[in-house]
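The values are calculated or read from the model by the stated rules, or taken from the named source; none is laboratory data. On a predicted model such as this, the values are computed, not experimentally measured, just so you know. As a convention, Cβ positions derive from the backbone with ideal geometry for all residues, glycine included, and neighbour counts pool all protein chains shown.
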Amino acid sequence: MTPTGRAAWEQAYARAEAAITDAGVPKTADLVKLDEVRVRLSGRNGELTALLKALKDLSIEDKRELGPKGQALKESFEAAIAARKAELEDAGDAAALEKDAIDLTLPGLRAPRGRLHPLTTTLHEIARIFQLMGYSWAEGPFVEDERHNFSALNIPADHPARDSQDTFYLKDLPLLLRTHTSTVQIRAMESQRPPLRVACPGRVFRHEQIDATHSAVFHQVEGLVIDENIGLADLKGHLQTFLQKLLGASTKTRFRPSYFPFTEPSTEVDVKCFFCPGSGCPACKHTGWIEILGAGVVNPAVLTGVGYDAGKWSGFAFGIGVERVAMLLHGVRDLRDFYTNDLRFLNQFDEDLV
């Protein structure tokens with residue numbers, strides 16, 4: 001005979017209690033299996049849910065007695081489930097922390113750092129050599145007046161260099177962007193008395209066609225020496241020493257007669273092409289030589305213009321292009337590569353920023 005009423009409910013209670021014990025809540029392996037046990041026993045169609053629903057078929061007295069018993073079984077089961085879930089989650093967190101643990105005693109990772117531009121390192125090397133040769137360092141403004149840029153350097157009013165095709169003039173102002181750093185030499189002579197030995201670096205601007213060896217914006221370093229009994233032989237000795245220190249002891253140079261209004265006599269200095277065995281290439285315009293600087297003995301008119309006694313003092317001046325030196329030092333064939341900001345090009349140089 002199938003039991004009914006209280007007897008049936010008590011048998012259902014015994015089955016639910018046994019199911020909870022057999023499920024082994026505290027020993028469930030993971031969260032997925034734990035949730036499967038929860039749904040099977042206390043879900044919408046679970047045995048504990050059915051047990052509590054069966055209370056409606058009992059008498060009032062049985063409900064009062066057995067209801068709390070059934071509710072206590074459900075709460076006990078849910079507490080066990082919650083406790084086990086917390087244990088599994090804590091164990092998972094601990095495993096994740098152990099896997100991704102950070103050893104605080106280890107040194108930190110070095111952040112990516114920039115590096116000095118090859119033009120900057122070239123300028124630093126030029127400065128280092130000049131300092132070893134006893135030169136001081138001087139700088140001046142980018143925007144100049146015509147006197148410092150032209151007149152004080154004995155450049156006449158009708159000279160082609162003054163033409164707007166070669167010079168950037170400022171609109172509505174009697175000013176211009178300096179075309180050479182010789183302007184700093186004039187300022188140095190105006191502010192100091194001889195003897196004088198100074199190097200003047202900086203950016204200059206010329207209205208030129210841009211190609212593999214020319215740019216409208218580039219860098220120069222001008223050198224100036226003023227003393228007694230200074231002549232062309234001193235100039236040649238200084239430049240030969242400087243270029244061999246900069247480019248190597250085997251550097252071959254060539255001095256060619258030239259003309260500059262602020263020097264007399266004047267010369268242009270070439271170095272043997274680094275890119276071809278003298279047979280000619282685009283870098284040297286197929287001559288086997290690369291022009292690297294212009295120089296000469298300071299014109300007495302320049303000395304007189306700044307208040308120096310041209311009968312007592314003499315000197316020499318020279319200007320070197322930083323970009324062309326960098327091309328020789330690093331084997332770069334096209335000056336424009338320095339200004340493209342292409343990291344594939346810049347990453348070839350290992351001068352780290354310090």
Next on the checklist: For the list (1) modelled with pLDDT under 75; (2) outside any loop (DSSP other than H, G, I, E, B), I need the number of the one condition that Ala14 fails.
Outcome noted: (1)
Item to check | Options Gly307, Gly280, Gly296, Gly319: the member that is part of a strand (DSSP E or B) and either surrounded by fewer than 17 Cβ atoms within 10 Å (Cβ to Cβ) or touching a His at 6+ places or on another chain (Cβ under 9 Å) (or both) | outcome: Gly319
Next on the checklist: Could you list, ordered by first residue, the pairs with Cβ atoms under 6 Å in which the first is in segment 108-121 and farther than 25 Å from Val221 by Cα and at pLDDT below 90 and the second is of a type in the set (Lys, Arg) and surrounded by 15 or more Cβ atoms within 10 Å (Cβ to Cβ), at least 6 apart or interchain?
Outcome noted: none
Checklist outcome for this item: Taking segment 328-354 and keeping only residues that are aliphatic (A, V, I, L, M), surrounded by fewer than 19 Cβ atoms within 10 Å (Cβ to Cβ) and touching a residue at least 60 places away in the same chain (Cβ under 8 Å), one is left with Leu329, Leu346, Leu353
Item to check | All positions within segment 126-149 that are within 26 Å of Thr241 (Cα to Cα) and either among the β-branched types (Val, Ile, Thr) or loosely packed, with under 14 Cβ neighbours inside 10 Å (or both) | outcome: Ile126, Arg128, Ile129, Gln131, Leu132, Gly134, Ser136, Trp137, Glu139
Checklist entry - What are the residues in segment 325-354 that are at pLDDT 85 or above and among the charged types (D, E, K, R), if any? => result Asp334, Arg336, Asp337, Asp342, Arg344
Checklist outcome for this item: Just one listed residue, out of Thr287, Thr263, Thr179, is among the polar types (S, T, N, Q), within 24 Å of Ala152 (Cβ to Cβ) and touching a Gly at 6+ places or on another chain (Cβ under 9 Å), and it is Thr263
Item to check | Any hit, segment 144-162, residues being over 25 Å from Ser314 (Cα atoms), touching a residue at least 12 places away in the same chain (Cβ under 8 Å) and within 28 Å of the chain's Cα centre (by Cα) | outcome: no
Checklist entry - In this structure, does Phe218 turn out to be more than 27 Å from the chain's Cα centre (by Cα) and of a type outside the set (Asp, Glu)? => result no
Checklist entry - Just one of the numbered conditions (1) of a type outside the set (D, E, K, R); (2) crowded, with 16+ Cβ neighbours inside 10 Å; (3) in a loop (DSSP other than H, G, I, E, B) is not true of Val325; which one? => result (3)
Checklist entry - Any residue in segment 258-268 that is in contact (Cβ under 8 Å) with a residue 60 or more places away in the chain, over 20 Å from Ala161 (Cβ atoms), buried (at least 21 other Cβ atoms within 10 Å of the Cβ) and in the same structural domain as Gln185 (by TED's automatic domain parsing)? => result no
Checklist outcome for this item: Within segment 32-59, restricting to residues that are more than 15 Å from Lys74 (Cα to Cα) and hydrophobic (A, V, I, L, M, F, W, C), the one that is surrounded by the fewest Cβ atoms within 10 Å (Cβ to Cβ) is Val32
Next on the checklist: Just to be sure before I move on: is Pro201 of a type outside the set (D, E, K, R), in the same structural domain as Ala295 (by TED's automatic domain parsing), in contact (Cβ under 8 Å) with a residue 12 or more places away in the chain and exposed (fewer than 14 other Cβ atoms within 10 Å of the Cβ) in the structure I sent?
Outcome noted: no
Next on the checklist: Being in a helix (DSSP H, G or I), surrounded by 19 or more Cβ atoms within 10 Å (Cβ to Cβ) and at pLDDT 90 or above is the requirement here; does Ala152 meet it?
Outcome noted: yes
Checklist entry - Does segment 134-142 include one or more residues that are closer than 25 Å to Glu190 by Cβ, in contact (Cβ under 8 Å) with a residue 60 or more places away in the chain and not in a loop (DSSP other than H, G, I, E, B)? => result yes
Checklist entry - Where residues in segment 235-290 are more than 29 Å from Val225 (Cα to Cα) and small (Gly, Ala, Ser), which of them is modelled with the highest pLDDT? => result Gly288
Checklist entry - Quick check, is Gln131 assigned by TED's automatic domain parsing to the domain that holds Ile210 and in contact with a strand residue (DSSP E or B) (Cβ under 7 Å, 6 or more places away or on another chain)? => result no
Next on the checklist: Take the conditions aliphatic (A, V, I, L, M), over 27 Å from Tyr339 (Cβ atoms) and in contact (Cβ under 8 Å) with a residue 24 or more places away in the chain and apply them to Ala233. Does it pass?
Outcome noted: no
Next on the checklist: Just to verify a result, which residue in segment 69-125, among those that are of a type in the set (Val, Ile, Thr) and more than 30 Å from Leu48 (Cβ to Cβ), is surrounded by the most Cβ atoms within 10 Å (Cβ to Cβ)?
Outcome noted: Thr122
